[in-house]
Amino acid sequence: MLSIILTIKIISKKKEGPFMLFYVITIFVILMDQLSKYLIRIYFDINEEFTWLGIELTHIENSGMAGGLFPGHARLFGLGAVLFVIGVLYIRRTGEMNGALIDSSFGFLVGGGIGNGIDRLLFGQVTDFIIRSGGVLNLADHAIEIGVILLIIYVVVSWIKNKL
């Protein structure tokens, strides 16, 4: 997490500013997510469990959404991801929400949404492999979690600024 914050600070100080930051994070998340899923799909069988760098992993394919809810509706959720990305791009275009923090949040959210959306639309399911207490996730899911945390921080900071 610290490396993510440092990367955000370094990139946001460049001339391109937060605008470029959104795209850098989005593309990075998509590439890392799709690469990791590809490697899992070609090297590990379904339900095969293994440990890598102390992290428990298993290969599952989820045709639903979080936690396997609503199985068989992956393509519908893929269309939802497309609409979500369009909504974020619209919000960014209006300029009402701007700055490095919100662009970082949107970058993680859009990157994660596109990462899982690609799987849903192309394969009809999402490759998950990182075992956590709440289930089995992938890098896109973790990027979405980071994006939500940054969005909450942005909302709280904005609320405090407006109250002062």
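The values are calculated or read from the model by the stated rules, or taken from the named source; none is laboratory data. In this text, all values refer to a predicted model and were calculated from it rather than measured experimentally. Neighbour counts are summed over all protein chains in view; Cβ atoms, including those assigned to glycine, are modelled from backbone coordinates with ideal geometry. In case anyone asks, the SASA skips ligands and DNA or RNA and just uses the protein heavy atoms, side chains included. Shrake-Rupley method; radii C 1.70, N 1.55, O 1.52, S 1.80 Å.
Please work out which residue is most open to solvent (accessible area, probe 1.4 Å), limiting yourself to the range 95-105 and to residues that are part of a helix (DSSP H, G or I) and of a type outside the set (D, E, K, R). Here the answer is LEU101.
Picking from residues in the range 20-62 that are polar (S, T, N, Q) and crowded, with 16+ Cβ neighbours inside 10 Å, the one that is nearest to PHE106 (Cα to Cα) is THR26.
Could you list, in sequence order, all residues of the range 129-144 that are touching a residue at least 24 places away in the same chain (Cβ under 8 Å) and under 23 Å from VAL88 (Cβ atoms)? Correct list: ASN138, LEU139, ALA140, ASP141, HIS142, ALA143, ILE144. Residues in the range 88-147 that are among the charged types (D, E, K, R) and closer than 25 Å to SER158 by Cβ: ARG92, ARG93, GLU96, ASP103, GLU145.
Contact map, the range 39-59: residues that are closer than 11 Å to ILE131 by Cβ paired with residues that are in a loop (DSSP other than H, G, I, E, B) and of a type in the set (Val, Ile, Thr), Cβ distance under 8 Å, separation 6+ or inter-chain. Pairs shown: HIS59/ILE46. Does GLY67 satisfy being modelled with pLDDT under 60, on the phi > 0 side of the Ramachandran plot and either surrounded by 11 or more Cβ atoms within 10 Å (Cβ to Cβ) or not in a loop (DSSP other than H, G, I, E, B) (or both)? Criteria met by GLY67.
Matching residues to (1) assigned to a strand (DSSP E or B); (2) open to solvent by 40 Å² or more (accessible area, probe 1.4 Å):
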site: ILE131; (1), (2): yes, yes
site: GLY147; (1), (2): no, no
site: LEU150; (1), (2): no, no
site: VAL156; (1), (2): no, yes
site: ILE160; (1), (2): no, yes
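In this structure, PHE108 does not qualify as assigned to a helix (DSSP H, G or I), surrounded by 14 or more Cβ atoms within 10 Å (Cβ to Cβ) and modelled with pLDDT under 80.
Scanning the range 111-124 for residues that are open to solvent by less than 30 Å² (accessible area, probe 1.4 Å) and not polar (S, T, N, Q) returns GLY111, GLY112, GLY113, GLY115, GLY117, ASP119, GLY124.
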